[in-house]
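Report on one structure; see the data block that follows.
No value in this document is a laboratory result; all are computed from the given coordinates. These figures come from a predicted structure and were not determined experimentally. Ideal geometry is used to build each Cβ from the backbone, glycine not excepted, and the neighbour counts take in all protein chains shown.
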Amino acid sequence: MTDKQREALKLLLRDHARRSAVDRETARQSLIDEGIYTQDGELAPEFGGKTAEGAQPSLT
């Protein structure tokens, strides 16, 4: 990745963070869209939340 590409990516990430933090609902929806939280507001299994069976996923 070139320095120019890296700077462009940084700008995109900053813009995304700014738009995602407008208010509580927008921030929540952003986390759901990114797969960090489920529609129910629970932490996704990939990020330490419980699986459909109710168990914590293994970190190994």
Which pairs do you get when a residue that is under 22 Å from residue 34 (Cα atoms) and without any contact (Cβ under 8 Å) to a residue 12 or more places away in the chain, found in region 1-20, comes within reach of a residue that is of a type outside the set (Phe, Trp, Tyr) and part of a helix (DSSP H, G or I), reach meaning Cβ atoms under 6 angstrom, with the pair 6+ apart or on two chains? 20/27; 20/30
Restricting attention to region 18-35, which residues are more than 19 Å from residue 47 (Cα to Cα), surrounded by 10 or more Cβ atoms within 10 Å (Cβ to Cβ) and not hydroxyl-bearing (Ser, Thr, Tyr)? 19, 21, 22
